[in-house]
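The values are calculated or read from the model by the stated rules, or taken from the named source; none is laboratory data. This structure is a prediction, so every number in the text was calculated from the model and none was measured. Counting neighbours? That spans all protein chains shown, and the Cβs are built from the backbone with ideal geometry, glycine included. Please note that ligands, DNA and RNA were not included when accessible areas were found on the heavy atoms of the full protein model with its side chains. Shrake-Rupley method; radii C 1.70, N 1.55, O 1.52, S 1.80 Å.
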Amino acid sequence: MKDNWTTADIPSQAGKLAIVTGTGGLGYEDAIELARAGAEVVLAGRNAGKGSEAVARIKAAVPGTTISFSLLDLAELSSIQAFAASFASRHDRLDILINNAAVMALPKRAITADGFEMQIGTNFLGHFALTAHLLPLLRKSAAPRVIQLSSLAHRRGTIDFDDLQGERPYNAWKAYSQSKLAMLIFALELQRRSDAQGWGLTSLASHPGWATTDLIANGPAQSGPALLWQVTRLLAPLFSQSPAAGALPTLYAATASDAEKGGYYGPNGFYEMRGAPSHSKMVGQANDPAIATRLWDAAERLTGVSFAEPVDAATTA
């Protein structure tokens, strides 16, 4: 892959249709760069006001682009199904799906509308169900790509099948790390299953390094010792990068002609915290097919959605 890959290297995305989950931070940067490259973009999130504002900003920055906002709450399976049905009623295919939205290190344990721990529920199970609902439309694309957002935190993660919902006891970082490990495992297993079943997908994962988004302020900054976060703010200029820079590995995975099936991309700098997109390191359970199969089966059971007989969103409209 090219050294120092930037948005200037994004090939034309004219004629392509993309969904990006998450309306701020990395999601916003993904959406605006795909729009600049000529793609039609649907920005999906749970906050209609924030989503409409993001769309207005992108339209102002990229005149003539086709971008819209759709309501999607990844913490509610019925909202995911409704979003997919609405999308299928308006579109006959999907070329790019970027599963970006996330919650991070919530200081107190919370649950989704369906009773899942909020981080595994939103970050992983919600995107798992969304991808299953959209699979029929992805398969109608000539070259569909699905990108899962992982994190450096996956390196500290373990899939705890005996306590997947973080109940005994709840630990904010353990739950977050597990959810981001699950996203990486999902990306790799989705590629394996696509190859075996002939779905035609290019499934990849990415991480932003240390990107200075609102994700930190809305999660871990609320729970850790004040001194720790003062030190973090002092170190941020040295080791972190902007949301625009943090989005580059995802944009590479979504658009680059040489992005590899089953690839994992992140920044190329110190500890992969900042820098240009490059191949990223996977550790622990990430590439264990047995763990992946077990996690996949658990996700299908919990969400009630099966990839073996993927939901045709158009029939649920």
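From largest accessible area down, sort His91, His127, His279; use a 1.4 Å probe on the protein chains.
His279, His91, His127
Keeping all protein chains in place, calculate the accessible area per residue for the chain (probe 1.4 angstrom), answer in Å².
41 Å²
So what J values fall out for segment 285-298 if you push phi through Karplus, 6.51 cos²θ - 1.76 cosθ + 1.60 with θ = phi - 60°, rounded to Hz, Gly and Pro as x?
7, 3, 10, 9, x, 5, 5, 4, 5, 5, 5, 4, 4, 5
Only four residue types carry charge here, +1 at the Cβ of Lys and Arg and -1 at the Cβ of Asp and Glu. Report the dipole size of the chain about the Cα centre in Debye, rounded to the nearest 20.
440 debye
Where is the GNM fluctuation largest for the chain (alpha-carbon springs, 10 angstrom cutoff): Gly126, Gly275, Gly115?
Of the options given, Gly115 has the highest mean-square fluctuation.
Could you give the nm distance between label points at Asp195 and Asp258, where each point is 7 Å from its Cα heading toward the beta carbon?
According to this spin-label approximation, the distance is 2.1 nm.
Among (1) 39, 19, 16; (2) 26, 24, 20; (3) 36, 22, 17, only one was calculated for this model; which label is it, if the read-out is semi-axes √(5λ) of the Cα gyration tensor in Å?
(2)
Kindly list the residues of segment 108-146 that lie in the label zone of Asn47, defined by a backbone N under 19 Å from the point 7 Å along the Cα-to-C-beta vector.
Hits in segment 108-146 for Asn47 at 19 Å: 108, 110-113, 118-119, 122-123.
Find the lysine pairs in the chain meeting two conditions, Cα atoms under 23 Å apart and a separation of 8 or more places or different chains, and report how many there are.
For the chain, the number of qualifying lysine pairs is 13.
At a 1.4 Å probe radius, carbon and sulfur cover how many percent of the accessible area of the chain?
About 52 percent, which is the carbon plus sulfur part of the accessible surface.
Return an integer: the convex hull volume of the alpha-carbon atoms of segment 45-135, in Å³ per residue.
110 Å³
For the chain, what does the helix formula give at 222 nm: sum of -39500 (n - 2.57) over DSSP H segments with n ≥ 4, over the residue count, nearest 500 deg cm²/dmol?
Mean residue ellipticity at 222 nm (helix-derived): -12000 deg cm²/dmol.
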